[in-house]
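S.K.: Take a look at the following structure, please.
The values are calculated or read from the model by the stated rules, or taken from the named source; none is laboratory data. Quick caveat: nothing in here was measured; it's all calculated off a predicted structure. All Cβ positions, glycine included, derive from the backbone under ideal geometry; neighbour counts span all protein chains shown. Areas reflect the complete protein model, heavy atoms only, side chains present, ligands, DNA and RNA absent. Shrake-Rupley method; radii C 1.70, N 1.55, O 1.52, S 1.80 Å.
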Amino acid sequence: MSDVAGLIFSDSYHNILDGLTERRALAAVPFGARYRIIDFVLSNMTNAGIVNIGIITTENYYSLMKHVGSGAPWDLNRKNAGVMFLPPFSSEQVQPVYDNRLEAMQANINYLENIDEEYVLINGNGHITNMDVEELIQFHKDHGADITGVYTRSPRNKKEDRDNLEFLIGENQQLVDVKITKGMIEGMGLGLNVYVMNRKELLEILERTKREGKKSFRRDVLQAGLGKLKICAYETKGPVLFVDDASGYLKSSLDLLDYDIREAMFHQVNRPIITQVKDSAPTRYGKDAKAHNSLIADGVVVEGEVRNSIVFRGARIKKGAIVENSVVMQDVTIGEGAHLNYCILDKYSIINDGRLLSGYITHPFYVSHRTVI
């Protein structure tokens, strides 16, 4: 789609993933044994032919830049388009670390002024899904909308005590009401903070709200625009996995062990999820190794037992160790006889022999980057 540009927020401004986002942007959080969260957003866009994409960053974006690079895996290493990182400090009028999405876009008006596409697809990283973006864009055009917001009626692992965005949809898929509320309201759709907008309309809104000191896209654009703008709502039908906090991250990761969810995420016709390819040896299983209902990446050495878990490349699970209901990230070492249950182990951490670590699905035990226990 040569008439659509993409704009991605690398941070969510309200998700709290404990130590998972202490060293990296939300978009760079590892997911599903070999991916990062941003892989799903980039793939959704590029599968629809969007090749001009800006990524708004706030802080801790080194690992994100390293992972995306020039965008070659997504065919974004182009001469006249491609992927562009939009760091903070780009506007004197806006604080360097943005507090919300509207402020982040206000600070990047120059980027939006200098692209040629007629439409802009705006997308955050607080959820994971395989969405038909081409259908979404066509819906926006067919309805002649000023703004099209995406919603779901089947969210998974959404934390209800957060400020959720709820859509009440009327005839011809037009928004009748927008509510910001804790919990989810029966009969309303849950907004995903994914929008299609006409670029000129978006620029006018950003200039006006910047002059007026407005800071909330939900309140100052969506709610204020009801009755003034044509705002439509598009329902995405596939599973939507939320990562509002560490518990949501673990639940959404383990959801991939469900065959139907895994198929909906990774085996949609003409909608592959693409990532940076790593050259690793095949996974090696020792003579006493056992693996049950788990996703285990290449380059892993399993000498112990893995149950209902996600294991990233380069991890080593030594003899007698048991890992269950957990996420084990890249190059983690788990010592002999250790037992882990409902844990999230960040990259390069080491669990010594005989250690017993246990959390629960609602309160996982998190081991931070390069920690030795």
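S.K.: State the volume of the convex hull built on the alpha-carbon positions of the chain, expressed per residue in Å³ and rounded to an integer.
M.R.: Hull volume normalised by residue count: 128 Å³.
S.K.: When we measure straight from the Cα of residue 287, which lysines land under 25 angstrom away, once same-chain ones fewer than 8 places off are left out?
M.R.: Result set, ordered by chain and number: 318, 319.
S.K.: Let me ask something additional. Run the numbers for residue 353 and residue 307: contour at 0.36 nm per residue of separation, minus the present Cα-Cα distance, in nm.
M.R.: 14.7 nm
S.K.: Let me ask you something else. 5 Å is the cut-off here: which amide hydrogens, built 1.01 Å from N in the peptide plane, fall below it relative to residue 307, excluding neighbours closer than 5 in sequence?
M.R.: 292, 323, 324, 325
S.K.: Determine the dipole magnitude for the range 225-373: charges of +1 sit on the beta-carbon of Lys and Arg, -1 on that of Asp and Glu, nothing else is charged, the reference point is the Cα centre, and the result goes in debye to the nearest 20.
M.R.: Here the size comes out at about 280 debye.
S.K.: Once the piece of chain linking residue 289 and residue 177 is laid out straight, how much longer is it, given 0.36 nm per residue of separation minus the C-alpha distance between them?
M.R.: 34.8 nm
S.K.: Based on the alpha carbon coordinates of the range 211-353, what radius of gyration and maximum Cα-Cα distance (Dmax) apply, in Å?
M.R.: So, for the range 211-353, Rg and Dmax equal 20.7, 68 Å respectively.
S.K.: Net charge within 9 Å of residue 64 by Cβ-Cβ distance, Lys/Arg positive one each and Asp/Glu negative one each, not counting residue 64 itself?
M.R.: +3
S.K.: Right, here's the next one. Could you go through the range 283-293 in sequence order and give the Karplus-derived ³J(HN,Hα) for each residue, using 6.51 cos²θ - 1.76 cosθ + 1.60 with θ = phi - 60°, rounded to whole Hz, and x for Gly and Pro?
M.R.: Taking θ as phi minus 60°, the curve returns 5, 10, 10, x, 5, 9, 6, 9, 9, 10, 6 Hz for the range 283-293.
S.K.: Which value in nm describes the separation of the simple spin-label points at residue 65 and residue 163, placed 7 Å from the Cα toward the beta carbon?
M.R.: 3.0 nm
S.K.: Continuing with this model, one more query. How long is the range 309-359 along each principal axis, judged by its Cα atoms, biggest number first, in Å?
M.R.: So the three principal-axis extents are 22, 19, 14 Å.
S.K.: Report residue 303's accessible area, 1.4 Å probe, all protein chains in place, as a number in Å² to the nearest 10.
M.R.: About 50 Å², rounded to the nearest 10.
S.K.: Still on this structure: Using alpha carbon centroids, what distance separates the range 295-348 and the range 59-74, in Å?
M.R.: Each part's Cα centre sits 26 Å from the other's.
S.K.: May I ask you to list the residues of the range 1-41 whose amide nitrogen lies under 14 Å from a point 7 Å from Cα along the Cα→beta-carbon direction of residue 138?
M.R.: 1
S.K.: Same structure again: Apply the Karplus curve 6.51 cos²θ - 1.76 cosθ + 1.60, θ = phi - 60°, to the phi angles in the range 58-69 and return the couplings in whole Hz, x for Gly and Pro.
M.R.: 10, 7, 6, 9, 4, 5, 5, 5, 5, 6, 6, x
S.K.: Then there's this: Over the chain, average the accessible area per residue using a 1.4 Å probe and give it in Å², no decimals.
M.R.: With all protein chains present, the chain gives 43 Å² per residue.
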